[in-house]
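For reference, the structure is listed below as structure tokens.
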Amino acid sequence: MNVLRFKGARMFAGILFVLIGAWIISAAVGSSFATSVINTVTYPIRQLTNGAAQSMQPEKSAPELAQENALLQEQINSLQEQLVNYYDIQKENEQFKKYYNIRSENAEYQLITASVIAKDELSGSKMFTLNKGITSGIKVNNPVLTEKGLVGWVSEADITSCTVTTILSETTTISVINKRTSDTGILTSSDKCAQSGQAVMTMLNENSDIAKGDIIVTSGIGGVFPANLRVGVVSDVKFDEFDTYKYAVVTPYEDIANTNEAVIITDIISQ
Amino acid sequence: MNGKKYLRLFLYIIADLLCFSLQNTHGMLFGIIGMTPLLTCALAYGVAVYDNVNFALITAAVSGVLSEITLGSVIGPYAILLTAMCFLINRSSNYFDSGALFAVITAVGYSVLACLGVLICFSVQNGINISFEQFVNHGLLRGLYTWLFCVIACMIMKKQPVED
């Protein structure tokens, strides 16, 4: 039985042969030529159909557009609020990290975190205001520090805020000690030093061999400030204008002029 | 073949190109769950049912090649499948007096197989597996939608005299 005697069988065989050849060629060199030919041939038709499809798209009316605009504006407002909240949370997270570090290093102290809400422009970096007060357990003379070191003490306490006098103020008098030589002194400041962000260690023993680079910490003498709170590093050793006594210029660890958050020691948990 | 037949064949190919443009224009055809029918396959089916075997084979081959170009796959396998199916349909349709009835009965299987063939070619070309959801959407649903157009094609076309 000759299969090719069936009607159309020869045409079918011929087309099959052509398609198998096209398959082999296409597999070998790709079908980009055929694609480009078909696209060129159908280009005018596709222009017509694309135009027809676009004309069939319903246009939005003015009220629909206004409604869509209002909805999008609402979404923008909501996203902006979320962004503000995100930044707040991010800042709070960083604050908590710093607080955690301070807490770890000062486990024996009761600490309260606070943010700077006001700085006295006239006094420069000598005073600033924190957002915690008596209701948070803040008392006058409570030490104020950051994760880098001591920045000052609470000089006034209101119900919801407190004023901090920094170690750059000439009214500050903190008993400090040189970690290397164990020389004690009084930390204070002057107008000139405060302008350059530095404090002064006075009342040094005349035989003291305090030197540049020495680390200064609180001594704990007097009972107001706990001992071993980092203060700063000696940047210079000088004599007064009459050459009568020696003093050390101390650069605080913390950049007090740019402090935005701080921690207040309100109590000592354990001795 | 006389001039009229050549003209008819030429018009079939033009119609094929038009169907190819229509089915590839976004937003032109109403989609069901995003599925649009294969108009080229429906046209090939209509020609296979109502016209002679030579025209059926040529139209089916052109439809298959156009579908493969749309997929970006190698040219050949799908066109061979479509040509073979249209050959069988053409040979079978002579035993039925009513082309529309024949279309209603056989076009379902043809359409589903044609759409599954497109899906398989696409999957092989891109090296991806066919999920059940794709099988249902692109195979069955699209096949049924294409079947509808096969029936319409049969209703539009006129039975041509059988050639010796």
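The values are calculated or read from the model by the stated rules, or taken from the named source; none is laboratory data. All values reported here derive from a predicted model rather than from experimental measurement. Glycine gets a Cβ as well: all are built from the backbone with ideal geometry, and neighbour counts include every protein chain shown. Just the protein is used for accessible areas: all its heavy atoms, side chains included, with ligands, DNA and RNA removed. Shrake-Rupley method; radii C 1.70, N 1.55, O 1.52, S 1.80 Å.
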Here the residues of region B:130-145 lying in the modelled label zone of B:ILE32, meaning backbone nitrogen under 14 Å from a point 7 Å along Cα-to-Cβ, are B:136-145
Karplus-derived 3J(HN,Hα) from phi for region A:136-148 (6.51 cos²θ - 1.76 cosθ + 1.60, θ = phi - 60°), whole Hz, x at Gly and Pro, runs 9, x, 7, 10, 5, 6, 5, x, 10, 9, 10, 5, 8
Longest chain B segment clear of trypsin sites (Lys or Arg not before Pro) sitting in DSSP loops (not H, G, I, E or B) with at most 15 other Cβ atoms within 10 Å runs B:1-157
Between A:VAL224 and residues 5 or more places away or on another chain, the pairs with built amide H atoms under 5 Å apart involve none
Between the alpha carbon centres of region B:77-113 and region B:43-75 the gap in Å comes to 12
Relative to the compact-globule estimate 2.2 N^0.38 Å (N residues), the Cα gyration radius of region A:7-56 stands at a ratio of 1.71
Dividing the surface of the Cα convex hull of the protein assembly as shown by four yields a projected area in nm² of 40.4
With every protein chain in place, the accessible area of A:LYS148 for a 1.4 Å probe, in Å² rounded to the nearest 10, comes to 100
For A:MET11, A:MET203, B:MET35, the accessible-area ranking with a 1.4 Å probe, largest leading, is A:MET203, A:MET11, B:MET35
On the formula 1/(1 + (r/R0)^6), with r taken between the Cβ atoms of A:LEU83 and A:ASP255 and R0 of 25 Å, the FRET efficiency rounded to 0.05 is 0.35
In units of 2.2 N^0.38 Å, the Cα radius of gyration of region A:109-271 is 1.01
Counting sequence-distant residues (5 or more places) and residues on other chains, those with an amide H built under 5 Å from that of A:LEU150 are A:ARG230, A:VAL231
One quarter of the C-alpha convex hull surface, i.e. the mean projected area of chain B in nm², amounts to 9.3
When the charge dipole of region B:3-156 is computed with +1 at the Cβ of Lys and Arg and -1 at the Cβ of Asp and Glu, the Cα pointing farthest to the positive end, of B:VAL104, B:ALA61, B:PHE135, is that of B:ALA61
The long-range amide H neighbours of A:MET127, using H built 1.01 Å from N in the peptide plane and a cut-off of under 5 Å, are A:ASP120, A:THR166
Rounded to 0.05, the calculated FRET efficiency for the beta carbons of B:LEU113 and A:ASN69 at R₀ = 41 Å is 0.25
Exposed-loop cut sites defined as chymotrypsin sites (Phe, Trp or Tyr not before Pro) in DSSP loop states with at most 16 other Cβ within 10 angstrom; longest site-free run of chain A spans A:7-241
With a Förster distance of 25 angstrom and the Cβ-Cβ distance between B:GLN125 and A:ILE20, calculated FRET efficiency to the nearest 0.05 equals 0.90
Membrane-span-like helices (DSSP H runs, Cα span along own axis at least 15 Å, mean Kyte-Doolittle at least 1.0) in chain A -> A:9-29
Any chymotrypsin sites (Phe, Trp or Tyr not before Pro) in region B:63-160 that lie in a DSSP loop and have at most 10 other Cβ atoms within 10 Å would be B:TYR95
Pairs over 32 Å Cα to Cα, from A:LYS98/A:LYS212; A:LYS98/A:LYS246; A:LYS91/A:LYS179, come to A:LYS98/A:LYS246; A:LYS91/A:LYS179
